[in-house]
Amino acid sequence: QRLGDPVSKPLWLISGSYWIGSNTKCELSCPQDPFLAGQHVNVSQEQGEWTLDSHGVRNGLWLRQPRIQVTKTCTFQIGEQRFRLYAAV
C-alpha cells in the first residue's frame with residue numbers, strides 16, 4: 001500500500017512483520033518522501049505485542065527513538081508520514 005495520501009485509510013496488520021519505507025517493495029511504501037530510508041521501520045508482532053524498530057536508520061522514529069513497544073495504542077512519525085497504531089486486545 002502506498003502512503004502519503006491526504007486522507008488516511010485504516011490498514012489492518014494481522015500478525016507477522018511489515019516494513020515501512022521509501023522502497024516500493026515495502027508493505028507500506030512512500031517513495032515520494034525524501035526523509036524515509038528504503039526500509040525505515042519494521043513493525044512486527046510477537047506473542048501478542050507489537051514492536052516498532054528503526055534498525056539503525058539515522059533519523060529513526062519520531063523523536064529519534066530506535067524502538068517502541070506498543071501495548072494499546074501509539075502515534076509515531078517517520079519522515080513526513082504520521083501513523084497511529086492500535087493494538088487489538
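Selection of the range 19-57 for residues being of a type in the set (Phe, Trp, Tyr) and open to solvent by less than 40 Å² (accessible area, probe 1.4 Å) yields only TRP50. Name the residue that is nearest to PHE76 (Cα to Cα), counting only residues in the range 1-40 that are charged (D, E, K, R) and modelled with pLDDT of 90 or more. By that ranking, first place goes to ASP33.
The residue that is nearest to LEU85 (Cα to Cα), counting only those in the range 17-58 that are in contact with a Phe, Trp or Tyr (Cβ under 7 Å, 6 or more places away or on another chain) and in a loop (DSSP other than H, G, I, E, B), is GLU27.
The values are calculated or read from the model by the stated rules, or taken from the named source; none is laboratory data. Model, not experiment: these values are computed from the prediction. Cβ: placed from backbone, ideal geometry, glycine included. Neighbour counts: every protein chain shown. Note: areas computed on protein heavy atoms with side chains; ligands, DNA, RNA excluded. Shrake-Rupley method; radii C 1.70, N 1.55, O 1.52, S 1.80 Å.
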